[in-house]
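Colleague: Structure in structure tokens, see below.
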Amino acid sequence: MQLRLNNPLILAVCLLLPTPVFGQFTELTGRVHKGANTVVGIDATALKATELAQKNGWTKKLEAAYVDRAIFLPPEAEKLLITSQIAPGNDFQEAWELALMKLSEPVKMTDVARAEGGYVDQINGKEIVWTPSNAYVVALEPQMVGVIYPAQRQAVANWIDEAAKNSANGLSEYLELALAKITAQTPIVMAVDLRNMVDPHLAEQRWAASETIEKTTLKVEDVVAMLTSLRGATLELTIDSSVHAKSRIDFEKPITLSDANAKRLVLEALQRLGSQIDDFADHKYSVVGKSIFIEGEISKGGLRRLLSVVEVPTTKFSELEEESVNSDKAPSAGDMAENSQTYFKSVNTLLDDLRGDRKKQDTRGGYDAVWLERYARKIDRLPILYVDEDLLDYGAKTAETLRYMAGKRKDAGLTAGVRKSSLPTAGGWENGTYTNYAYGYGGAGYGYRAGYAYGTGTVGVPQPDRGGETQRAMTQIERQEQNRATSVREEGWRLIDNATAEIRREMTQRYSVEF
């Protein structure tokens, strides 16, 4: 289905755009998997022409990886459309991700398979490549590639059938309207459709202890009513020598918040979702009609985080010259040293982004959970061809340790919820016991082992009301569980730091170059 050109609102927006680009993504939107609620549109040609991209080498081949850039940008790509079906209220977990790329030149699937360490296959007459990063690369046309994650063969086969008709278009009108905002000056737009995303009963429970509500005259029922009327959120990135963000959160009904309270609620909501970005604390907030507008500068690390919510499932196929990919010769010591050095620097650039979080106070337990998980996936997706095996093992263990740390942050909230659910609605405490269940990752990270750990602690038995003891006990439970999660996080970082120092020494000695 083509974009709905008869929609007067979309037409009005298009007429106001400084550089009309409406319809430039139509060829790609016609192949989007149904059910998408998140989209990132990138005019790669315009982006690579910006001062920031030129200065930081975003137009180079992917050898530079994350050392000097905030985004993985396939050099052959002209247009990128990245879609996903995510659950923002569930740590931004995805049912699937799909990246569609319009390329300036064809890419051979045999080259993709070799660079990825995967293999060539066919589904419904289309040549595909299975990759170890659990994604399929699909040649839709000579100069159009789709990358879909996870690599569930039956689901991919169904999507290929839809995409072949070029009429699938799984985008809502809200997401279509967001894509119409892409211009040469604003080459990146990200949007999420939030209709019917908020459960009013869960929202009421989660916001009952809100710091914002506690410190203002806002009422829980009013905040919940506003949240259940969410329509969507859009982020426009204008790029020249820096990155300037214009965000808007749209609702179905007028917003009566002050600008200051709107900022408090948005920042607290991001913290509760485990997806806070420091840059947003310095942005300007304003409430107009049915929308909250947010505007300010975005750092390189902030841009990395934003685009990690939905990103290309893999771009490794672009990192090497074709003759290198096709060569049957063993890589030279120089090739191994250079690629290994780049891999190590890339992992540590990502870790440096996260290391700042561990210095912050985390009273709600979700501050860095999303980013730990996302950056673990970023490490998984780094180019691995001609990289030292011991270094790849370091990267894999580092990623798994980050996942374990993220899992413990999430478990803390769940465990606290289970413990608090046994409390009386109003009443005091007598000592009792509870059992704490926590699952550990399967031994691939540093120092962790598979299996279940059991422990006991104190829980309250309903007693007559003693003047707010239940609320104090709930607060104590929160602190206890977050302290446990914080201990795991601190130990995880200690293990990662030690492993990083050890592999740096080993690689420097092995290749006689500084890592």
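Derivation of every value follows stated rules applied to the coordinates shown; laboratory data play no part. This structure is a prediction, so every number in the text was calculated from the model and none was measured. Counting neighbours? That spans all protein chains shown, and the Cβs are built from the backbone with ideal geometry, glycine included.
Colleague: What ranking, highest mean first, results for peptides 231-240, 150-159 when packing means the other Cβ atoms within 10 Å averaged over each residue?
Modeller: Ranking the peptides 231-240, 150-159 by packing returns 231-240, 150-159.
Colleague: Under 8 Å for C-alpha pairs, at least 6 residues apart: give me the relative contact order for the stretch 111-252, rounded to a whole percent.
Modeller: Relative CO of the stretch 111-252 lands at 15 percent.
Colleague: What ranking do 201, 244, 33 get, fewest neighbouring Cβ atoms within 10 angstrom at the top?
Modeller: Fewest-to-most Cβ neighbours within 10 Å comes out as 201, 244, 33.
Colleague: Based on alpha-carbon positions alone, could you give the equivalent ellipsoid semi-axes of the stretch 131-265 from the gyration tensor, as √(5λ), descending, whole Å?
Modeller: Those come to 37, 21, 14 Å.
Colleague: I need the peptides 171-180, 206-215, 109-118 ranked by packing, meaning the mean over residues of other C-beta atoms within 10 angstrom, with the highest value on top.
Modeller: 171-180, 109-118, 206-215
Colleague: Just rank 129, 138, fewest to most, by other beta-carbon atoms within 10 angstrom.
Modeller: Ordered by Cβ neighbours within 10 Å, fewest first: 138, 129.
Colleague: Could I have the simple spin-label model distance between residue 124 and residue 202, label points 7 Å from Cα toward Cβ, reported in nm to one decimal?
Modeller: Each label point is offset 7 Å from its Cα along the Cβ direction, giving 3.1 nm.
Colleague: What are the extents of the Cα atoms of the stretch 167-220 along their three principal axes, listed from largest to smallest and rounded to whole Å?
Modeller: 45, 29, 13
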